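K.L.:
One structure is given below, represented as structure tokens, and several questions about it will come after.
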Amino acid sequence: MADKNQTFVTGWPITHSRSPLIHNHWLEKHGLSGSYDRLAVKPEEFQRHIDTLPGSHFIGGNVTIPHKETAYDCVDHKEPVAERLQAVNTVWVEQGQVWGTNTDGYGFLANLDDQVPGWDKTSARKKAALVLGAGGASRAIIDALIQRGFEEIIIANRTLGRAVALAEHFGSKCRAIEIEKVSSATTNPSIIINTTAVGMNDDDQPVQLDGFSSDTVVNDIVYTPLWTPLLKQAKLLGMKPVDGLGMLLHQAVPGFEKWYGIRPEVTQELRDILLRDLGELS
Ligand code: ATR
């Protein structure tokens, strides 16, 4: 019989996922049996995959595009953060029932806490953030910023309607604008977060950073390439660039702990494994 301690990342398609590198490193590090594998599950088969988890050789796993919303609908129980986001990225089996949570916001916050300690303590300024993009990732980040006590969140998007919908969902602390209208004249955030795909496959950047205060933290959640055009500009302007790899690493921590009962660490050794895989380190 297969080892019971199996875990997975499921999506459709799933070939790009780097999560196995992370979890298999931690399994080895802690001398645990089991393995974490990619599992391609078609949308029409996803519900059955979740329903049959109890009693299978899987103890849990991660869920990625396009299954996060379906997972929210079909798990038996959800943690409050998954309820707020209406999306699940981590599932586990407990007493024959499937539980779901969402660790994206946790990963976002933990990475910043790690890379820029005190990033959220802006004594002289209002706690204001500028979030670029209005998709699923943006949703998790806005929720996390609100949980951290941010008083003003500007959501800038190419399609204004999606930003307006998010701002309405999250309430009076949020304001929506068109991304092309973003400038230092309209907002003075202590952090700018890019959740759009701009810069991933081209030399573009979603906004120009000239004029923003030099102590602004600039975080791109894209990590291919690691140094996106936006982060390069932030560095040139003496701002505080934070790459997206850390969020990927940190969002994996709570899942591993739920499945295997040990809270793993995000170390430089692990970061180097991922950097090597991304071709950023020889
Ligand atoms: P995710 O769930 O990863 O956030 P998504 O829901 O596809 O992905 O959202 C992608 C985000 O990138 C959106 O905010 C999208 O803007 P629109 O809502 O206007 O589509 C943004 N985006 C993608 N390509 C873009 C581009 N070329 N210029 C500006 N924004 C772009």
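K.L.:
Tell me, in nm to one decimal, what length is gained between Asp73 and Arg38 on full extension, where the rule is 0.36 nm per residue of separation less the Cα-Cα distance?
P.N.:
Here the answer is 10.4 nm.
K.L.:
Starting at the first residue of the range 84-89, write each ³J(HN,Hα) from the Karplus equation 6.51 cos²θ - 1.76 cosθ + 1.60 with θ = phi - 60°, in whole Hz, x for Gly and Pro.
P.N.:
Those phi angles translate into 5, 8, 6, 7, 10, 10 Hz.
K.L.:
Moving on. Run through the range 1-68 and list the chymotrypsin sites (Phe, Trp or Tyr not before Pro) located in a DSSP loop whose Cβ has at most 11 other Cβ atoms within 10 Å.
P.N.:
Working: sites: Phe8, Trp26, Tyr36, Phe46, Phe58; in loops: none.
Loop-located and lightly packed - none at all.
K.L.:
Between Ser282 and Ser183, what length comes free when the chain is fully extended (0.36 nm per residue of separation minus the Cα-Cα distance, one decimal in nm)?
P.N.:
Between Ser282 and Ser183, full extension yields an extra 31.8 nm.
K.L.:
Okay, next question. Of all beta bridges DSSP finds with both residues in the chain, what is the antiparallel percent, to the nearest 5? Numbers along the way, then the final one.
P.N.:
Numbers: 8 of 42 bridges.
Beta bridges within the chain, antiparallel portion: roughly 20 percent.
K.L.:
Turning to a different aspect of this structure: Under unit Cβ charges (Lys, Arg +1; Asp, Glu -1), what dipole magnitude, rounded to 20 debye, does the range 133-282 have relative to its Cα centre?
P.N.:
Roughly 340 debye, rounded to the nearest 20.
K.L.:
Moving on. Could you run the Debye sum over the Cα atoms of the range 36-103, one equal point scatterer each and no solvent, and tell me log10 of I(q)/I(0) at q = 0.17, 0.20, 0.28 Å⁻¹, two decimals?
P.N.:
Taken in order of the listed q values, log10 I(q)/I(0) reads -0.51, -0.72, -1.40.
K.L.:
Considering amide H positions built from the backbone, and no H for Pro or chain starts, which residues 5 or more places from Ile221, or on another chain, come under 5 Å of its amide H?
P.N.:
Placed amide hydrogens put Asn194 under 5 Å from Ile221.
K.L.:
Let me ask another. When we measure straight from the Cα of Lys240, which aspartates and glutamates land under 19 angstrom away, once same-chain ones fewer than 8 places off are left out?
P.N.:
Partners found: Asp113, Asp114, Asp120, Asp210, Asp215, Asp220.
K.L.:
In this model, which of Lys29/Lys68; Lys29/Lys78; Lys121/Lys232; Lys235/Lys258 are farther than 26 Å apart at the alpha-carbon?
P.N.:
Lys29/Lys68; Lys29/Lys78; Lys235/Lys258
K.L.:
Still on this model: Amide H of Val9: which non-local residues (sequence gap of 5 or more, or other chain) have their own amide H closer than 5 Å, using H built in the peptide plane?
P.N.:
Under 5 Å from the amide H of Val9 lie the amide H atoms of Asp37, Arg38, Leu39, Asn62, each far enough along the sequence or on another chain.
K.L.:
Further, regarding this structure: Calculated FRET efficiency, Arg175 and Met200, Cβ-Cβ r, R0 30 Å, to nearest 0.05? Please report the intermediate quantities before stating the final value.
P.N.:
Numbers: r = 26 Å, r/R0 = 0.87.
Calculated value: 0.70.
K.L.:
Rounded to the nearest 0.05, what FRET efficiency do Ile65 and Glu94 give with R0 = 30 Å and r taken as the Cβ-Cβ distance? Could you check?
P.N.:
Numbers: r = 25 Å, r/R0 = 0.84.
About 0.75, to the nearest 0.05.
K.L.:
Starting from the Cα of Glu151, step 7 Å along the direction of its Cβ; do the same at Leu236; then give the gap between the two resulting points in nm.
P.N.:
3.4 nm
K.L.:
If amide H atoms are built 1.01 Å from N in the plane of the peptide, which residues on other chains or at least 5 residues away come under 5 Å of the amide H of Lys78?
P.N.:
Under 5 Å from the amide H of Lys78: Gly100.
K.L.:
Using a 10 angstrom cutoff on alpha carbons, build the Gaussian network for the chain and name the most mobile of Asp120, Asp202, Asp220.
P.N.:
Taking springs between Cα atoms under 10 Å, the residue moving most is Asp202.
K.L.:
Let me ask another. Return the single residue from Val91, Val253, Val207 with maximal mean-square fluctuation; model: Gaussian network over the chain, springs between Cα atoms under 10 Å.
P.N.:
Val207
K.L.:
Spin-label point model (7 Å from Cα, Cβ direction): what's the Gln47 to Lys126 distance in nm?
P.N.:
Inter-label distance under the simple model: 4.6 nm.
K.L.:
Here's another thing I want to ask about it. I need the chymotrypsin sites (Phe, Trp or Tyr not before Pro) found in the range 177-252, filtered to DSSP loop residues with at most 15 other beta carbons within 10 Å of theirs.
P.N.:
Listed in order of number, the matching sites are Trp227.
K.L.:
I need the calculated FRET efficiency for the pair Arg158 and Gln86, taking r as the beta carbon distance and R₀ as 22 Å, to the nearest 0.05. Write down the numbers at each step before the final one.
P.N.:
Numbers: r = 23 Å, r/R0 = 1.03.
Taking R0 as 22 Å, the efficiency between Arg158 and Gln86 is 0.45.
Coordinate-derived values only; no laboratory data. Quick caveat, the model's predicted, so the values are computed rather than measured. Cβ coordinates were reconstructed from backbone atoms using ideal geometry, including for glycine residues, and neighbour counts include every protein chain displayed.
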